[in-house]
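Any read-out appearing in this document is the output of simple, stated calculations on the displayed coordinates, not a laboratory observation. Since the structure is predicted, the reported quantities are computational estimates derived from the model, not experimental observations. Glycine gets a Cβ as well: all are built from the backbone with ideal geometry, and neighbour counts include every protein chain shown.
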Amino acid sequence: MDGKEIAALIDELHGIHRALAELNYRIQRGRRAVAACGAAQKKAADALAARREEKQNLLLAAKEKERESDAAAQELERRRSQLDAAKSNREYESIQIQIESIAYKNDELAEAAFEALTVAEEFDVEVERAETALKEETERLEKTRATVAESEPKLAADVERTQARLRDAEGRLPRDWAGVYVRLIKDFGGEETFAPLTGEGYCGSCRRRLPVETVAKVCGGAALTCPACGRLLYMPVGFVLK
Ligand SMILES: [Zn+2]
C-alpha cells in the first residue's frame with residue numbers, strides 16, 4: 001500500500017467511526033428524549049395528585065365549617081324554644097341575651113362555611129389546569145415514544161451495516177498500521193482516534209504545528225501519532241500541503 005492508498009483507507013475509517021458516533025448519538029438522544037418526557041409526565045401526575053388532595057382537604061374544611069354552622073343554628077333554635085318556657089322576665093332577658101350572642105356567632109359561622117365552600121369550588125380551576133398539563137405531557141411522551149420506537153430499529157440496522165463496513169475496512173489495514181490503530185482505538189475510542197493533517201501542517205485535532213519531517217512521513221504512508229495529543233495522523237482525501 002502506498003501513501004495515497006493508506007491515506008484513503010484511514011480517511012475511510014475515520015468517516016466510518018464518525019458515522020457510528022453520529023448513529024449512536026441519535027440513538028442516545030432518542031432515549032434521553034423519552035426519559036425526559038417520562039420525567040415531565042411523572043412530575044405532572046404528581047402535581048395533579050397534589051392538587052386533588054388539596055381540593056379534598058378544602059372540601060373537608062368546608063364540610064367542617066358547615067357542621068359548625070349547623071350546630072350553631074340548632075343551638076339557636078333550642079334557645080328560642082326556651083324563651084316560651086321562661087318563668088320570669090329576668091330569665092327571659094337572660095335567654096334573649098344568649099340568643100343574640102349565638103345568633104351573631106351563627107352568622108359568622110354561616111359566612112365562614114360559605115367562604116370555605118367557595119374557596120373549594122374555585123380550586124377546581126387549579127385541578128383542571130393540572131389535568132390539562134398531565135394530558136399534554138402524556139401525549140408528548142406517547143408521541144416521543146412512538147417516534148423513537150419507529151426510528152431506533154432503523155438506526156440499529158444502520159449501526160450494524162456501518163460496523164460491517166468497519167470490519168471490512170479494518171481488515172484491509174497493513175500489518176504495521178493495524179497494531180497502532182487497534183491500540184489507539186482502545187485509548188481514544190472511535191472517531192476521537194483520528195487527527196487529519198491540515199494543509200498548513202497542523203494536527204487537525206489539537207491544532208498543534210507538526211515537525212516538517214513528521215508531515216512528510218505521514219504523507220509517505222507512515223503510521224505516526226501527533227507528538228502533542230497522541231492521535232493517529234493521516235492525510236485526508238484532497239489534502240494539499242500549502
Ligand atoms: Zn494533535
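Observations on the structure shown:
- Degrees separating the helix 175-188 axis from the principal Cα axis of the chain, which is the longest one: 20
- Centroid-to-centroid separation of region 84-126 and region 176-242 [C-alpha atoms, Å]: 91
- Couplings 3J(HN,Hα) for region 23-39, derived from phi with the Karplus relation 6.51 cos²θ - 1.76 cosθ + 1.60 (θ = phi - 60°), are 5, 5, 4, 5, 5, 5, 4, x, 5, 5, 5, 4, 4, 5, 5, x, 5 Hz, where x marks Gly and Pro.
- Dividing the Cα radius of gyration of region 173-242 by its Kirkwood radius returns 0.94 for Rg/Rh.
- Peptide packing: for 221-229, 234-242, the average count of neighbouring Cβ atoms within 10 Å per residue gives the ranking 221-229, 234-242, highest mean first.
- Region 20-172 - percent relative contact order, Cα under 8 Å, separation 6 or more: 46
- Relative packing of peptides 183-196, 32-45 - highest average C-beta neighbours within 10 Å first: 183-196, 32-45
- Computed over the chain, the alpha-carbon pair-distance distribution with 5 angstrom bins reads 1, 6, 9, 9, 8, 6, 5, 5, 5, 5, 4, 4, 4, 4, 3, 3, 3, 3, 3, 3, 2, 2, 2, 1, 0, 0, each value a whole percent.
- 23 Å Cα-Cα threshold exceeded, pairs from Lys43/Lys65; Lys42/Lys154; Lys63/Lys135; Lys55/Lys135; Lys4/Lys154: Lys43/Lys65; Lys42/Lys154; Lys63/Lys135; Lys4/Lys154
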